[in-house]
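Visitor: What follows is a structure written as structure tokens; I'll ask about it next.
The values are calculated or read from the model by the stated rules, or taken from the named source; none is laboratory data. Since the structure is predicted, the reported quantities are computational estimates derived from the model, not experimental observations. Glycine also receives a Cβ, built like all others from the backbone with ideal geometry; neighbour counts cover every protein chain displayed.
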Amino acid sequence: MKLRLTHLFAGLATCLASVTAQAQEPKFEFRLGGVSQLSVRNALLASDASSSNGSTGGVDLGLRWKQFGFAVRAHGGTFDDSGPAGGSIGDLAFADAMLLMGPRVTALHLGYGLRGSSSVLGASSFSFARAGLTSAIEIGGTGISAVFSGGLLVPSFGETEATGFELETSLIWAPRRFPVFAQFGYRHEQFNLVSGDFERPEETGSVVLSGGLRLSR
């Protein structure tokens with residue numbers, strides 16, 4: 001009986017060691033690709049509630065060395081009124097920069113974001129700082145990682161004060177033998193914008209698609 005238990009524990013130890021070796025984090029990672037978002041935006045515009053659909057395209061860049069990383073994502077596109085009248089309500093632009101500190105399984109992220117819009121009502125923009133946590137968990141040796149991220153958004157520079165929160169979850173496929181990656185996920189942002197005596201709530205939910213070149217060692 002003792003011999004069987006010894007063999008059982010030895011087998012479990014071997015399996016755990018194998019999984020740990022497969023899930024070992026690379027020391028260096030560079031990622032460059034394209035990003036596209038299919039979004040639904042709800043906002044209060046000119047005292048009326050507005051819902052719009054849109055798609056954006058742009059660039060996704062990431063660099064990581066051991067327990068420190070940097071990521072940039074910039075994209076823009078046109079949003080259309082989802083009501084019966086339809087028609088374009090204007091252009092939106094998104095830009096985000098983020099610093100990562102800590103292991104991939106639980107990393108602190110600090111960053112800066114910028115949102116800009118142009119419509120028949122004129123052009124406007126606001127910026128914000130962000131702080132939160134990001135977790136990336138590799139699923140065995142499949143090359144697929146589950147990523148979860150959440151954070152608070154606080155006012156930054158500018159006349160408009162933006163507060164709120166963000167949540168994002170995704171699956172990233174990055175095979176070890178090929179220098180590519182693909183990502184599929186969902187992102188939600190919710191803001192409360194204050195400019196003078198005017199206050200405007202706004203939220204955007206997006207399906208995120210990205211892919212491109214990935215180098216690691």
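Visitor: Out of ALA136, ALA123, ALA131, ALA182, which single residue is among the aliphatic types (A, V, I, L, M), under 21 Å from SER50 (Cα atoms) and assigned to a strand (DSSP E or B)? Spell out how you get there, then give the answer.
Guide: Working: ALA136 fails: under 21 Å from SER50 (Cα atoms); ALA131 fails: under 21 Å from SER50 (Cα atoms); ALA182 fails: under 21 Å from SER50 (Cα atoms).
Answer to the check: ALA123.
Visitor: Of the conditions (1) small (Gly, Ala, Ser); (2) buried (at least 16 other Cβ atoms within 10 Å of the Cβ); (3) within 20 Å of PHE30 (Cα to Cα), SER127 satisfies every one except a single condition; which number is it?
Guide: (3)
Visitor: If I ask for residues that are in a strand (DSSP E or B) and buried (at least 17 other Cβ atoms within 10 Å of the Cβ), which ones from the range 97-113 would you list?
Guide: Taking the range 97-113 as the starting set, the residues that turn out to be in a strand (DSSP E or B) are 97-101, 107-113.
Matches in the range 97-113: MET98, LEU100, ALA107, HIS109, GLY111, GLY113.
Visitor: Out of the range 162-208, which residues are of a type in the set (A, V, I, L, M, F, W, C) and either surrounded by fewer than 18 Cβ atoms within 10 Å (Cβ to Cβ) or in contact with a helix residue (DSSP H, G or I) (Cβ under 6 Å, 6 or more places away or on another chain) (or both)?
Guide: First pass over the range 162-208, keeping only residues of a type in the set (A, V, I, L, M, F, W, C): 162, 165, 167, 171-174, 178, 180-182, 184, 191, 193-194, 198, 207-208.
Result: PHE165, LEU167, LEU171, TRP173, PHE178, VAL180, ALA182, PHE184, VAL194, PHE198, VAL207.
Visitor: A follow-up question, please. Take GLU159 and tell me if it is of a type in the set (Asp, Glu) and loosely packed, with under 14 Cβ neighbours inside 10 Å.
Guide: Details: of a type in the set (Asp, Glu): yes; loosely packed, with under 14 Cβ neighbours inside 10 Å: yes.
Yes, satisfied.
Visitor: Scan the range 132-160 and report the pairs whose first residue is over 17 Å from TYR186 (Cα atoms) and whose second residue is of a type outside the set (Lys, Arg) and not in a strand (DSSP E or B), with Cβ atoms within less than 6 Å and a gap of 6+ or a chain change.
Guide: Once the first residue is over 17 Å from TYR186 (Cα atoms) and sits in the range 132-160, its partners that are of a type outside the set (Lys, Arg) and not in a strand (DSSP E or B) give GLU138/ALA23; GLY141/GLN22; GLY143/ALA174; GLY143/PRO175.
Visitor: Just name the residue that is modelled with the highest pLDDT out of those in the range 169-201 that are of a type in the set (Asp, Glu) and out of contact with any Asp or Glu (no Cβ under 8 Å at 6 or more places or on another chain). Full working, then the answer.
Guide: Our first condition is that a residue be of a type in the set (Asp, Glu); within the range 169-201, this holds for 189, 197, 199.
Going one step further and asking which of them are out of contact with any Asp or Glu (no Cβ under 8 Å at 6 or more places or on another chain), we end up with 197, 199.
Working: ASP197: 80, GLU199: 84.
Among residues in the range 169-201 that are of a type in the set (Asp, Glu) and out of contact with any Asp or Glu (no Cβ under 8 Å at 6 or more places or on another chain), the one modelled with the highest pLDDT is GLU199.
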